[in-house]
1. Can we say Ala51 is more than 28 Å from Gly234 (Cα to Cα) and not acidic (Asp, Glu)?
2. Given the structure, is Val206 within 17 Å of Ile160 (Cα to Cα), more than 13 Å from the chain's Cα centre (by Cα) and crowded, with 21+ Cβ neighbours inside 10 Å?
3. Cβ-Cβ distance below 9 Å, separation of 6 or more or different chains: which pairs start in segment 274-287 with a residue that is under 12 Å from Gly216 (Cβ atoms) and end on one that is of a type outside the set (S, T, N, Q) and exposed (fewer than 14 other Cβ atoms within 10 Å of the Cβ)?
4. Quick one: in segment 66-89, which of the residues that are crowded, with 23+ Cβ neighbours inside 10 Å and either acidic (Asp, Glu) or at pLDDT 95 or above (or both) is farthest from Thr211 (Cα to Cα)?
5. Any chance segment 30-49 includes a residue that's more than 29 Å from Thr213 (Cα to Cα), hydroxyl-bearing (Ser, Thr, Tyr), assigned by TED's automatic domain parsing to the domain that holds Thr246 and not in a helix (DSSP H, G or I)?
6. Kindly provide the set of residues from segment 80-121 that are among the small types (Gly, Ala, Ser), farther than 26 Å from Lys323 by Cβ and in contact with a Phe, Trp or Tyr (Cβ under 8 Å, 6 or more places away or on another chain), ordered by number.
7. Determine, yes or no, whether Phe143 is buried (at least 24 other Cβ atoms within 10 Å of the Cβ) and either in contact with an Asp or Glu (Cβ under 6 Å, 6 or more places away or on another chain) or at pLDDT below 95 (or both).
8. Which number in (1) under 13 Å from the mean Cα position of the chain (by Cα); (2) assigned to a helix (DSSP H, G or I); (3) not hydroxyl-bearing (Ser, Thr, Tyr) marks the one condition that Pro94 misses?
Amino acid sequence: MTRSLRLALAFALLAALAPLGAGALAADIKLKGVSNSRPQVQFKMWEWMAAELPKRTGGKAEIELTSLPELGLTGFELVRVMRAGLVDIADVLPTYVSGDVPLIEGVDLPGFFSFDEFDKSRQAHVAWHKVMKANEGKLGGVFLGSYGYAYQVLFSRKPISSLADMKGLKVRVFGAAQTDFVRALGAEPVSLAVAEVYSALERGTVDAAITGTIAGFNLKWFEVTKYMVDLQMGPVMIGLVASKRTWDRLPADVQKALHGIGGELTQRGWDLAKTSTAEGIAGNKQKGMTWMPFKPEWKGPIRDAVQKIVLPNWVKRAGPDGKTAFNEVLAPAVGYPAP
């Protein structure tokens, strides 16, 4: 099935399921909530939101949960889905939607934050909320808050003892910046939705794949890979976004409740990202995987890849507003400005 046909079918399904149609506000408000993936630990945040919203609205509003794979979506098309008003509230990953809104991906460029700098990365991501809010029009929705995926590592079928071992490796990536990063290290980037990765690793269609430590564990990638490799890729953000079309039809008290939930979700979600990073490493080790830590001799080549290729290419995609946002919000944290 072609991507365009799959997207058309997904749009048709979403239109059929859309819960906030004309006249819906006269009765209970049922919001269609779309998570990235049920098996991942971050789905706990959706379960928490689903329990909280009725409490905070006196039973007026609730969230019906589903996920991208259940709808036949990949996550890459969510900006278009949001703009069409076919989803009420959803996970929006800046790395996934970078093709439509490259500017917001700036905080998730790989190579900025090392394994022991999780708190520093968290602060940078929360500071980036300012940029997410400023670009709501491009997202097609209202940005409510964020939570993090655990520290991103390379799940590999082959050991990476030196960066030379990356040469020719077929690596699943998500987002344009990861594509540039992997290519700069000599590997071949392959874009795949998360639901397609297990079978690709199993068949050897790809040699390795990037995801968070706990996500790889929950998706059982330990069954199809042997090594977790730290390439200093940091955690990545998931934005909680409500469709603008839905938002404009919500009563003020429900909007207020969702803003409150978004703020608390940010605290809870980044706490979970930190603890689940360690849990993911431990769990995968128990399943027989080997942890391959970042090596000091990799620091220079990684920095060069980011400063000479990844960051300049992102600036070209994001434009002058992206460069301004980076230098204002992120440059103090990463230690250098955008070119």
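1. Yes.
2. Yes: the conditions hold for Val206.
3. Close Cβ pairs satisfying both conditions: Lys287/Lys220; Lys287/Glu223.
4. For segment 66-89, the residue satisfying everything is Asp88.
5. no
6. Ala84
7. no
8. Pro94 satisfies every listed condition except (2).
The values are calculated or read from the model by the stated rules, or taken from the named source; none is laboratory data. From a predicted model like this one, the values you see are computed outputs, not experimental measurements. All Cβ positions, glycine included, derive from the backbone under ideal geometry; neighbour counts span all protein chains shown.
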